[in-house]
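The next block holds one structure in the form of structure tokens; read it before the comments.
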Amino acid sequence: MKNNKINIWLLISSFVLLLNLNVIAQSKIGTTIGQFLKIEPSSRSAAMGNAGVALNGEASLTFFNPAVLGRIPRSDVQFTNNQWLADISYNYAVGALKLEGVGSFMLQVTSLNSGEIDVRTVEFEHGTGEKYTVNNFALGLGYGLMLTDRVSVGLSINYINESIWHSSLSTFGLNFGVQYEIVEGGVTLGASVSNFGPRAGYDGRDLFIDYDHNTDINGDNDKLPAELRTDKYSLPTLFRVGLAIPYQVTNQHKVTLALDAVHPNDNYEKINVGLEWDMFGVIMLRTGYRDLLLEDSEGGFTFGAGAIYEFMPGYNVHFDYAWADYGRLEKTHRFSIGIQF
């Protein structure tokens, strides 16, 4: 009991510390690669203001905390289509296989595509007639289990690839986390680290150039084959700590409050908060606000809904939708469908 109280106070202290880090925070916007890794795939959590580190119940929440794998009620497969900003296409798929007495294994795939973009140069500012695309891809494997009847842990590793026209980079990122259920069926505390990995830089034939060693000399070789060297940058590492507070209003109605404090390595700290109203275990209404306390944030209000239908004993299909306001960048829509068995 004493150790449990110590663990609770450590998590609460970490949460309070993050709330006050804005006093000494420094923005490092634009200093990390793999920005697509920050796009939340869970329509449920996106509708709840991107608060998800202490939530559980579905596979896509492993994005926030791999410890979710330890406490998912059954195997789960989910697909998400996100109508992202500037007509960018974002798709996500995850599958979690629960094995009683062993734990849960997870496979996830993330894909982002910019669509065709005109190639523009100083000489041809209206376009050269060529097109290029930006493609981002991540493939992840994960595992989670219950250490005790109330503590779950999880770990996942992702292969990450980014390409811009003929140049690309590849690296690996590690996600790990823990969830602690203070009271059975009650308040849950969660903490996680996402996208922890080595620095990486771009390489490819777009960096090949012809080089003139001395432009003041005539008659020398002014087209020496050379290559530009790009610097290496970190992944967008995030530390999250938060809690989920469920409240059983009646036998058929439950309300859950989720609250996350997020400490990124490339921006100021922020708070995400969300609320879910579960009616009859069939219909869910959700709302929230993301990026509280973040300087120069765009938008923040979110809402959405979900539905679960048992089409045969032991098999559920669930649908989720999320709308999010991004201010001058307008809005986004996420659609998810999943099967639990």
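A simple charge model with +1 on the Cβ of Lys and Arg, -1 on the Cβ of Asp and Glu and nothing else charged puts the dipole of the chain at about 1580 debye relative to its Cα centre. Across segment 254-341, C-alpha contacts under 8 Å between residues 6 or more apart give a mean separation that, scaled by the residue count, equals a relative contact order of 19 percent.
As a length-normalised measure over Cα pairs under 8 Å and 6 or more apart, the relative contact order of segment 39-113 settles at 23 percent. For the chain, the relative contact order comes to 20 percent (Cα pairs under 8 Å, sequence separation of at least 6). In order along segment 287-302, the Karplus-derived 3J(HN,Hα) couplings, from 6.51 cos²θ - 1.76 cosθ + 1.60 at θ = phi - 60°, round to 7, x, 9, 9, 6, 4, 6, 7, 5, 6, 6, 10, x, x, 6, 9 Hz, and Gly and Pro are given as x. Per-residue ellipticity at 222 nm from helix content only, as computed over the chain with -39500 (n - 2.57) for each DSSP H run of at least four residues, stands at -2000 deg cm²/dmol. Using the Cβ-Cβ distance between L99 and Y247 with R0 set to 30 Å, the FRET efficiency works out to roughly 0.40.
Working ranking of peptides 31-44, 64-77, 164-177 by packing, defined as the average number of other Cβ atoms within 10 Å per residue, highest first, is 64-77, 31-44, 164-177.
The modelled label-to-label distance for the pair L293/D87, using points 7 Å beyond Cα in the direction of Cβ, is 3.9 nm. Gain on full extension, evaluated as 0.36 nm per residue between N214 and W165 minus their Cα-Cα distance, stands at 14.6 nm. Distance between the modelled labels on A226 and V134, one decimal in nanometres: 2.8 nm (7 Å Cα→Cβ projection).
Between the helical axis of 2-19 and the longest alpha-carbon principal axis of the chain there is an angle of about 40 degrees. Modelled label positions at F335 and V255, each set 7 Å beyond Cα in the direction of Cβ, lie 3.2 nm from each other. Across segment 149-163, rounded Karplus estimates of 3J(HN,Hα) from the backbone phi angles (6.51 cos²θ - 1.76 cosθ + 1.60, θ = phi - 60°) give 6, 10, 10, 10, 10, x, 8, 9, 10, 10, 8, 10, 9, 10, 9 Hz, Gly and Pro being marked x.
The gain in end-to-end length when the D206 to S114 segment is fully stretched comes to 31.3 nm, 0.36 nm per residue minus the alpha carbon separation.
All of the numbers you see were taken from the coordinates with simple rules; none came from a lab. Please read these numbers as outputs of a predicted model, since none were measured by experiment. Backbone-built Cβ (ideal geometry, glycine too); neighbour counts: all protein chains shown.
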